[in-house]
Amino acid sequence: MNTDFNLDILTGELEGSQLYETLRTIRDMEGYYHDESAREGLNPQTPVYRVQAFQPVPEGTEGGLFFGTTFVYPGLVGDEYFMTKGHFHVNGSRSEYYVTLAGVGALILMDEGRRTTVTPMKPGSVHYIPANTAHRVANVGDSVLAFMACWPSDSGHDYGSITSEGFSARLRKVNGNATLVEEA
Ligand code: PAN
Ligand code: ZN
């Protein structure tokens, strides 16, 4: 297998022969936003984010690393910014790096005690996501937010606890400002 590929460090675009592509549209985001009726009012085909990933070993392999770029499009569902679903790693000890390449956003982290914090993302910002920490990214700007990520190939993605319990706080646009609002 060819284990080299190219990253455009300005846009985040990956180029290579063996990349996985995932597109998440408004239709795919059922249950993730605070205002479900606002989501239902949007065109279901509207792109929310796209992921390109390089996975040189089978998912679940111990000791391997995966690499990917996520592009989060600008937009709102009600007053909540377009964002990734967010997840815990199934293998909770697995951590991850995010590096922002383009746009402005926010990294939303929630630890096992359901304490949620937010960190600004801008080109060049590097973020270490510790073990046992749910992670989600929101685009708070008017252009595409691109960030690259590197994570262990045996991390796994647990979305179920996000759809059932959610994060304890959400990033919402309040009086024009991105504001972390605790869930009622
Ligand atoms: C990232 C995410 C990517 C999409 O590669 O998988 O940004 O977000 P969701 O997986 O929450 O939809 C990562 O954190 N990998 O572990
Ligand atoms: Zn992850």
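The values are calculated or read from the model by the stated rules, or taken from the named source; none is laboratory data. Please read all numbers here as calculations on a predicted model, not as lab measurements. Don't worry about glycine lacking a Cβ; one is built from the backbone with ideal geometry, like all the others, and counts go over all protein chains shown.
Looking only at the stretch 55-100, count every residue that is within 23 Å of Glu182 (Cα to Cα), assigned to a loop (DSSP other than H, G, I, E, B) and among the aromatic types (Phe, Trp, Tyr) and tell me the total.
Qualifying residue count for the region: 1.
When you scan the stretch 120-140, do you find a residue that is touching a residue at least 40 places away in the same chain (Cβ under 8 Å), crowded, with 18+ Cβ neighbours inside 10 Å, more than 16 Å from ligand 2 (Cβ to nearest atom) and small (Gly, Ala, Ser), even just one?
The answer is no, given that none of the residues of the stretch 120-140 is touching a residue at least 40 places away in the same chain (Cβ under 8 Å), crowded, with 18+ Cβ neighbours inside 10 Å, more than 16 Å from ligand 2 (Cβ to nearest atom) and small (Gly, Ala, Ser).
Give the number of residues within the stretch 120-153 that are more than 11 Å from ligand 1 (Cβ to nearest atom) and among the charged types (D, E, K, R).
Count: 2.
Let's see how each residue does on (1) within 13 Å of ligand 1 (Cβ to nearest atom); (2) over 16 Å from Pro120 (Cβ atoms); (3) at pLDDT below 95:
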{"residue": "Phe67", "(1), (2), (3)": "yes, yes, no"}
{"residue": "Thr70", "(1), (2), (3)": "yes, yes, no"}
{"residue": "Asp79", "(1), (2), (3)": "no, yes, no"}
{"residue": "Gly86", "(1), (2), (3)": "yes, yes, no"}
{"residue": "His89", "(1), (2), (3)": "yes, yes, no"}
{"residue": "Tyr97", "(1), (2), (3)": "yes, yes, no"}
{"residue": "Thr100", "(1), (2), (3)": "yes, no, no"}
{"residue": "Val104", "(1), (2), (3)": "no, no, no"}
{"residue": "Ile108", "(1), (2), (3)": "yes, no, no"}
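Within the stretch 112-159, can you find the residues that are closer than 18 Å to Gly68 by Cβ and of a type in the set (D, E, K, R)?
Arg136, Asp154, Asp158
Give the residues of the stretch 17-54 that are among the small types (Gly, Ala, Ser) and outside any strand (DSSP E or B), sorted by residue number.
Result: Ser17, Gly31, Ser37, Ala38, Gly41.
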